[in-house]
Amino acid sequence: MERPSDLKQRIAASRELLDARYSAKRGKPERSFLTISDLTEEQVIDILNGGINIKKNSSKYREVLKDKSVALLFQKTSTRTRCSFEIGVGEMGGQPMYIDWKSSNFTLADLQDEIRVLSRYVDLILARVHKHEDLLTMRKYTEVPVVNGLSDLYHPCQGLADFMTIKEYFGELEGLNLCYVGDGNNVCHSLINGAIKTGMHITIAYHQNYAPNPEIVEEAKTKNAIYLTNSLEDAIKDADVIYTDTWVSMGNESETDARIQTFSGFQVNEALLSKAPDHALVMHCLPAHRGYEISADVLDSKNSVVFDQAENRKHVQKYLIAWILERV
Ligand code: CP
Ligand code: NVA
């Protein structure tokens with residue numbers, strides 16, 4: 001049966017629409033941020049300076065995310081990451097939307113389908129996941145940028161806030177010695193990545209059972225940016241910054257007893273700090289476990305900048321999002 005010519009025209013137009021839609025993306029997924037290694041050295045410094053600037057002049061950024069929405073997708077619990085992103089997006093005129101993975105259909109559908117749907121609604125997706133591979137899947141299928149809000153491998157937003165905090169105290173980062181004590185985990189990996197980008201030296205005081213990822217260490221070795229040791233005293237003697245994190249990251253709970261036993265000699269406490277330079281900053285990404293990886297008196301000491309770090313999450317992430325969405 002011959003179809004009327006106006007229907008033929010509409011079918012041709014529909015085909016064109018399909019072709020155009022198939023190749024179109026709502027946003028720029030290539031501007032995703034999964035690790036500090038995704039950025040150039042210049043971009044890292046620009047974002048750190050942007051965070052410092054936004055902290056001083058937040059009113060100038062009130063409209064920056066007007067008409068933009070950001071999904072905050074969490075597989076794990078959070079205080080700092082959730083609150084700093086949720087408040088930060090709102091402070092810039094954007095709309096944040098929190099999604100608890102467990103109470104959504106991310107639990108029962110293919111990740112690639114759900115993320116494609118979500119990316120049709122929002123302009124950016126911040127995601128906290130167990131497996132870093134899930135972020136890689138998201139980046140592959142999303143139509144908007146994806147930002148890593150912590151995975152088993154990296155915690156890059158934390159790293160940016162940490163380097164911003166160090167920069168606030170020391171002005172420049174190049175040549176400073178950062179000493180990380182304890183578990184070779186996601187936070188440790190992002191500090192290694194950041195040290196490479198900022199010209200800092202990082203020393204890791206580690207236990208062989210929980211060493212940092214060898215590939216990440218290898219890259220830092222090629223840049224002469226890293227030194228690994230089993231001796232805490234050796235590690236901290238020239239430190240400008242001493243950093244520690246929990247011995248039991250989210251997802252490692254079944255290993256709690258073994259980890260506490262293994263790391264019992266790795267506590268950052270007054271006795272250890274008395275052997276470090278007296279100007280050394282003390283850092284921790286929080287949440288902390290007083291009496292385990294860090295003693296309460298050190299956490300509360302004058303040299304501790306842990307609450308500056310936590311606050312700076314909001315400032316540097318505000319700039320990061322505005323930068324990713326090309327609004328600054
Ligand atoms: N530092 C950090 O990411 O804290 P939360 O797990 O509370 O978000
Ligand atoms: N290494 C910790 C960081 C928490 C912010 C974890 O992954 O649980």
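The values are calculated or read from the model by the stated rules, or taken from the named source; none is laboratory data. What you see is a predicted model, and the numbers here were worked out from it, not measured in a lab. Positions of Cβ are backbone-derived with ideal geometry, glycine not excepted, and every protein chain shown enters the neighbour counts.
In this structure, is VAL146 under 19 Å from the mean Cα position of the chain (by Cα) and either over 20 Å from PHE85 (Cβ atoms) or buried (at least 24 other Cβ atoms within 10 Å of the Cβ) (or both)?
When the stated conditions are applied, VAL146 passes them.
Anything in the stretch 153-168 that is away from ligand 1 (no atom under 13 Å from the Cβ), in contact with a Ser or Thr (Cβ under 9 Å, 6 or more places away or on another chain) and not β-branched (Val, Ile, Thr)? List them, or say none.
LEU153, PHE163, LYS167
Check whether at least one residue in the stretch 145-167 is farther than 13 Å from SER32 by Cβ and out of contact with any helix residue (DSSP H, G or I) (no Cβ under 8 Å at 6 or more places or on another chain), and report yes or no.
Yes, the stretch 145-167 contains at least one residue that is farther than 13 Å from SER32 by Cβ and out of contact with any helix residue (DSSP H, G or I) (no Cβ under 8 Å at 6 or more places or on another chain).
Listed here are the residues, each with its yes/no results for (1) away from ligand 2 (no atom under 16 Å from the Cβ); (2) at pLDDT 95 or above; (3) assigned to a loop (DSSP other than H, G, I, E, B); (4) among the aliphatic types (A, V, I, L, M).
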residue: ASP19; (1), (2), (3), (4): yes, no, no, no
residue: LYS25; (1), (2), (3), (4): yes, no, yes, no
residue: GLN43; (1), (2), (3), (4): yes, yes, no, no
residue: LYS60; (1), (2), (3), (4): yes, yes, no, no
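Of the conditions (1) on the phi > 0 side of the Ramachandran plot; (2) surrounded by 18 or more Cβ atoms within 10 Å (Cβ to Cβ), GLY199 fails just one. Which one is it?
(2)
Given VAL181, VAL147, which one is aliphatic (A, V, I, L, M), within 15 Å of ligand 1 (Cβ to nearest atom) and in contact with a strand residue (DSSP E or B) (Cβ under 7 Å, 6 or more places away or on another chain)?
VAL147
Of all residues in the stretch 307-327, how many are assigned to a helix (DSSP H, G or I) and buried (at least 20 other Cβ atoms within 10 Å of the Cβ)?
Selection size over the stretch 307-327: 14.
Going through the stretch 105-118 one residue at a time, which ones are within 23 Å of the chain's Cα centre (by Cα) and exposed (fewer than 14 other Cβ atoms within 10 Å of the Cβ)?
GLN112
Please pick out the residue among LYS66, LYS55 that is over 16 Å from the mean Cα position of the chain (by Cα) and surrounded by 15 or more Cβ atoms within 10 Å (Cβ to Cβ).
On inspection, the qualifying residue turns out to be LYS55.
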